[in-house]
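Peer 1: Got a structure for you, questions after.
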Amino acid sequence: MSAQKKITNVTVTSLRKMKQSGEKIASLTSYDSSFTQVMNDEGVDVILVGDSLGMVVQGRQTTVPVTVDDIVYHSKAVASTCKRPLLMVDMPFMSYYSTDKALETAAQLMQEGQGQMVKLEGGQSEEKIVRKLSREGVPVCAHIGLQPQLIHKLGGYRVQGRDDQQAKLMLEDALKLQDAGADALLLECVPSPLASKITDSVEIPVIGIGAGAGCDGQILVLHDILGLTPKAPKFSKDFLADTGTIQGAVRAYVEQVKDSSFPSSEYSFNE
Ligand code: KIV
C-alpha cells in the first residue's frame with residue numbers, strides 16, 4: 001500500500017464526501033478473511049459480501065438459493081480482517097418480502113454478521129422497506145438495473161434500461177429510493193449514458209458494475225478480477241493476467257478505478 005493512502009475507516013459519510021470531491025469509490029466482493037486482508041491493505045473502499053457467493057463459492061447456477069445464514073457465515077469471516085473498508089452485505093432472495101422480515105434480516109446481518117450496510121435488489125417497489133430500514137438506522141444500498149435475484153422472471157442476464165420507457169423508470173427508481181433514505185445505489189448492467197445521468201441526478205453515491213465510468217465508483221466480483229470465471233461477463237476484467245499476483249491484481253484494480261481508466265468503453269455498454 002502506498003504511503004499516502006488514508007487510514008481512516010470508510011463510512012457512509014465518507015462515501016458521500018468522495019462523491020462530492022470526485023474521488024472514485026473502489027469496491028470488490030469478498031467472502032473470506034484472507035482475501036479481505038489483501039483488499040484492506042490495497043485500499044479497497046467498500047467490500048461486499050455478495051450473494052454472488054452462491055455461484056462463485058457454492059457452485060450454484062444462480063444467487064437464488066443463498067440464505068441469510070450463508071451471508072452471515074461469510075460476513076463474519078470477512079469482518080475479521082475488514083478494518084478500513086465499509087462492509088456491505090447482501091440481503092438474499094426472499095429475505096425482505098415485508099418490512100418486518102426486512103428488519104429481522106437486517107438485524108441478523110448487522111448484529112451477527114457485523115455488516116455496516118445492507119444491499120437489497122429492487123426499485124420503487126422496495127421504497128417502503130428502504131424507508132423503514134433507514135428510519136431504524138440501517139444504512140441501505142439499493143441495487144437497480146439488472147437484478148440477478150429476478151433471473152427466473154427475466155430469463156437471462158441482460159442489459160437493462162435500453163429503451164426510453166425502462167430508462168425513465170430507472171431514473172424514477174433512483175430518485176424515489178434516495179428520497180426513501182437509501183445511502184447508496186448500485187447500478188448493474190446499464191448503458192453508460194443512462195448510468196451517468198442517474199449518477200448526476202442523485203446526491204447519494206452510485207456504484208456501478210457494467211454501468212460505465214461515469215458512476216461514482218465501481219464494483220466487481222473477486223473471482224472475475226482474478227480470471228477464475230470460465231465465461232466472464234463483458235464488463236469484468238482479469239487484473240491478475242497483467243500483474244501476476246493477487247495483491248498486484250487488487251492494487252491495479254483500485255488504481256484503475258481511482259484514475260477512471262477502468263472501465264474503458266471495452267468494459268462498458270455504450271448504448
Ligand atoms: O452479489 C454480488 O456480488 C453483487 C454484484 C453486483 C457485485 O451484487
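Peer 1: Out of (1) open to solvent by less than 20 Å² (accessible area, probe 1.4 Å); (2) within 17 Å of the chain's Cα centre (by Cα); (3) in contact (Cβ under 8 Å) with a residue 40 or more places away in the chain, the odd one out for Arg84 is which?
Peer 2: Unmet condition: (1).
Peer 1: Another question, then. Within the range 223-255, restricting attention to residues that are assigned to a helix (DSSP H, G or I) and within 17 Å of the chain's Cα centre (by Cα), which residue is farthest from Gly22 (Cα to Cα)?
Peer 2: His223
Peer 1: Can you tell me how many residues within the range 106-133 are in contact with a Phe, Trp or Tyr (Cβ under 6 Å, 6 or more places away or on another chain) and in a helix (DSSP H, G or I)?
Peer 2: Of the residues in that region, 1 qualify.
Peer 1: Could you check the range 1-15 and list, in sequence order, the residues that are at pLDDT below 95 and either among the small types (Gly, Ala, Ser) or surrounded by 16 or more Cβ atoms within 10 Å (Cβ to Cβ) (or both)?
Peer 2: Residues satisfying the conditions are Ser2, Ala3.
Peer 1: What single numbered condition from (1) within 17 Å of Ala182 (Cα to Cα); (2) out of contact with any Asp or Glu (no Cβ under 9 Å at 6 or more places or on another chain) fails to hold for Glu127?
Peer 2: (2)
Peer 1: Taking the range 113-157 only, how many residues are open to solvent by 70 Å² or more (accessible area, probe 1.4 Å) and within 12 Å of the ligand (Cβ to nearest atom)?
Peer 2: 1
Peer 1: May I ask you to say which residue of Pro205, Pro148, Pro230 is modelled with pLDDT of 95 or more and either among the aromatic types (Phe, Trp, Tyr) or out of contact with any Leu (no Cβ under 7 Å at 6 or more places or on another chain) (or both)?
Peer 2: After ruling out the rest, the residue left standing is Pro148.
Peer 1: Of the residues that sit in the range 16-30 and are out of contact with any strand residue (DSSP E or B) (no Cβ under 7 Å at 6 or more places or on another chain) and not polar (S, T, N, Q), which one is surrounded by the fewest Cβ atoms within 10 Å (Cβ to Cβ)?
Peer 2: Once the filter is applied, the top-ranked residue is Gly22.
Peer 1: With respect to Asp32, is the statement that it is away from the ligand (no atom under 13 Å from the Cβ), more than 30 Å from Ser261 (Cα to Cα) and of a type in the set (Asp, Glu) true?
Peer 2: It is false that Asp32 is away from the ligand (no atom under 13 Å from the Cβ), more than 30 Å from Ser261 (Cα to Cα) and of a type in the set (Asp, Glu).
Peer 1: Return the pair list, or none, for Cβ contacts closer than 9 Å from residues in the range 165-188 that are touching a residue at least 60 places away in the same chain (Cβ under 8 Å) to residues that are acidic (Asp, Glu), at least 6 apart or on different chains.
Peer 2: Close Cβ pairs (under 9 Å, with a partner that is acidic (Asp, Glu)) amount to Ala184/Asp216; Leu186/Glu121.
The values are calculated or read from the model by the stated rules, or taken from the named source; none is laboratory data. What you are looking at is a predicted structure, and each value in this text was computed from that prediction instead of being measured. As a convention, Cβ positions derive from the backbone with ideal geometry for all residues, glycine included, and neighbour counts pool all protein chains shown. All accessible areas refer to the heavy atoms of the entire protein, side chains included, with ligands and DNA or RNA removed. Shrake-Rupley method; radii C 1.70, N 1.55, O 1.52, S 1.80 Å.
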